[in-house]
Amino acid sequence: MRTTEAPDSPAVFDRAADRKSAYVHIPFCARVCPYCDFAVVGDRTDEMDRYVQAVVGEIGRDEPLAPLDAVFVGGGTPSLLPVGALARILAALAERHGIVDDPEITMEANPEDWTVSRGAGYLEEGLTRVSFGVQSTDPRVLLALGRRHGPREVGVAVASARRAGVPSVSVDLIFGHPVETEASWRRTLDEVVELEPDHVSTYALTVERGTPLSRWVAEGSPAPDPDVQAARWEQAVEILGRAGYIRYEVSNHARPGHHCRYNLGAWAGAEYAAYGLGAHGHRDGIRFRNVRSLDAYLDRIEAGESPRQGSEEVRGWEAEVERLFTGIRVAAGVNGGRAVEAFLDSEDGRRLAGLGVIGLVEGRLVVRQPLFTDAVARDVLGLLEMSS
Ligand SMILES: C[S@@+](CC[C@H](N)C(=O)[O-])C[C@H]1O[C@@H](n2cnc3c(N)ncnc32)[C@H](O)[C@@H]1O
C-alpha cells in the first residue's frame, strides 16, 4: 500500500537505509541527446533481445541479496523495451533475490514512446511507477536539447499513463539551457503541474565532459549560467511547492506518499544490486561498476565472465562519511553518528553553521540552504583525511 507520509519525513528516509533494491540499465536510445553522458548506445536497438538475455544471465549468476523493495529500470531509454522484456527481467530478479509484496517498480520512459497498449503491457508486467523524460514543454528548449518529442507528446503520454492506472507518475525536467527564459521555465512548470504528475525531478543542465554539448561550449556556444540556474531552482521550488509538491531532495519534489523509494535508498546508503551496461551497485561494503562498452558487456556475459570493471571497498569510517555525503542532499537531514559529530566539530562545519548553511534539527544535520549542497558535500569529503 502506498502511504501518505510526507516525502521529507525523517522516518521515511531512515527506513530507506535498510531496504534492498536493484538497478537495471537499458542503454539503447533512438538518438543520443547531446548533453547525455550516461552509458548509452544510439544505433543498435536490433540487439535489444540479446541484451535482455545477457541481463537475465547476469542476474541469474549473482549472489542473492534479500527481497527487493524497489527496482529501477533506467537508461538509456527503457521504453524501447518490447512488451515482455520487463516481465523477464522482473522474473529473474524475483527468482534470484525475491521481491516484496508491494514493491516500487520504476521504468524511465520517453514521452514519444508511450502508447496506450505499451503502457497496459508494462502495467501487466508489474510496473508501478513511470518516470517520463519530459525535460521541458518549450519547443525551443526541446529543440536545443535535441529531444525527439514536442509539448503535445508530453501531455498525451502523462494523461495516458494516468488513465492506464500507473500508480505513480513522475516527470523529469531540465532547467537553465541558455535558450530558456524565466517566462518559459515558468510556463513549463505551470504546464507540468496541470498534468498532475505525482513526482517532479528538476535538474540543472550540466555540461558533462566528452559530450557534444561540452564541445559546442568549448567552441563558443553559451554555457548555462550558474546564477540563472540558482534563480530557476528557486522558481521551481516555489511553483511546485504552491501546487502541493514537497521538495524532499535537492532536485526532487513529490506529493505525499510518492517519494522514489529506490533513490531515497541510494541517498541513505542502502544496498542495491546493479545489472547492465555501466550499472553501479553497492553491496557488502563494496561499490562496483560494470563496463560501459556494449560489445565488452555482451562478450563478457556470453563467455560466462563478470562484467565488473572496477570496485572499491567502502566500510567503517569511509561508509559513515559517504552516508553523510549523500544524505545531506535529502531535506529530512542525516541522523547523528560519528561523521555528523565530527563534521559539526570541524572548522568547515563550524564555519557553515555560523553562516546558517547547515544546522542541527532534532539531532539531524540539515542543509538549510540547499543551493550550497555541493559545496557542503566537498567539505564533508575533508573528513576522509581523519582516521575516525
Ligand atoms: C538517464 S536520463 C533519462 C533518459 C531518458 N531516455 C530521457 O532521455 O529522458 C535521466 C534524467 O537525467 C537528466 N539528465 C541527463 N543528463 C543531464 C545533464 N547533462 N544535465 C542535467 N540533467 C541531465 C534528465 O532529466 C533525464 O531525464
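Bear in mind that the values in this text are calculations on the coordinates, not laboratory data. Bear in mind that the values here come from a model prediction, so they are computed numbers and not experimental data. Note that we place each Cβ from the backbone using ideal geometry, even for glycine, and neighbour counts take in every protein chain shown.
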Any trypsin sites (Lys or Arg not before Pro) in segment 5-51 that lie in a DSSP loop and have at most 13 other Cβ atoms within 10 Å would be R31
Residue by residue through segment 136-141, what is 3J(HN,Hα) from phi via Karplus (6.51 cos²θ - 1.76 cosθ + 1.60, θ = phi - 60°)? Round to whole Hz and write x for glycine and proline. 6, 10, 8, x, 5, 5
Of the trypsin sites (Lys or Arg not before Pro) in segment 171-263, those whose Cβ has at most 16 other Cβ within 10 Å and which sit in DSSP loop: R209
In sequence order, what are the phi-derived ³J(HN,Hα) couplings for segment 213-227 according to the Karplus relation 6.51 cos²θ - 1.76 cosθ + 1.60 with θ = phi - 60°, rounded to whole Hz, with x for glycine and proline? 4, 5, 5, 4, 5, 5, 8, x, 5, x, 9, x, 9, x, 5
Comparing S136, S21, S214, which has the greatest mean-square fluctuation in the GNM of the chain with Cα pairs linked when under 10 Å apart? S214
Based on C-alpha coordinates, I'd like the Rg and Dmax of segment 10-267, in Å. 18.2, 53
Grab the DSSP H runs of the chain that are 4 residues or longer, score each as -39,500 (n - 2.57), total them, divide by all residues and round the 222 nm result to the nearest 500 deg cm²/dmol. -12000 deg cm²/dmol
I'd like the GluC sites (Glu not before Pro) in segment 181-248 restricted to DSSP loop residues with at most 14 other Cβ atoms within 10 Å, sorted by number. E208, E219
Singleton cysteines, the chain, no second Cys beta-carbon under 4.7 Å -> C29, C260
Rounded to whole Å and sorted largest first, what semi-axes of the equivalent ellipsoid does the C-alpha gyration tensor of segment 270-388 yield via the square root of 5 times each eigenvalue? 35, 14, 12
If neighbour count is taken as other Cβ atoms inside 10 Å, put C29, C260, C36 in order from fewest to most. C36, C29, C260
For segment 30-40, in residue order, the Karplus 3J(HN,Hα) values (coefficients 6.51, -1.76, 1.60; θ = phi - 60°; whole Hz; Gly and Pro = x) are 5, 7, 7, 6, x, 9, 8, 10, 6, 6, 9
Taking every DSSP bridge whose two residues both lie in segment 10-267, the antiparallel percent to the nearest 5 is 20
Check V41: other-chain or 5+ apart residues with amide H under 5 Å from its amide H, H built from backbone geometry? F28, C29
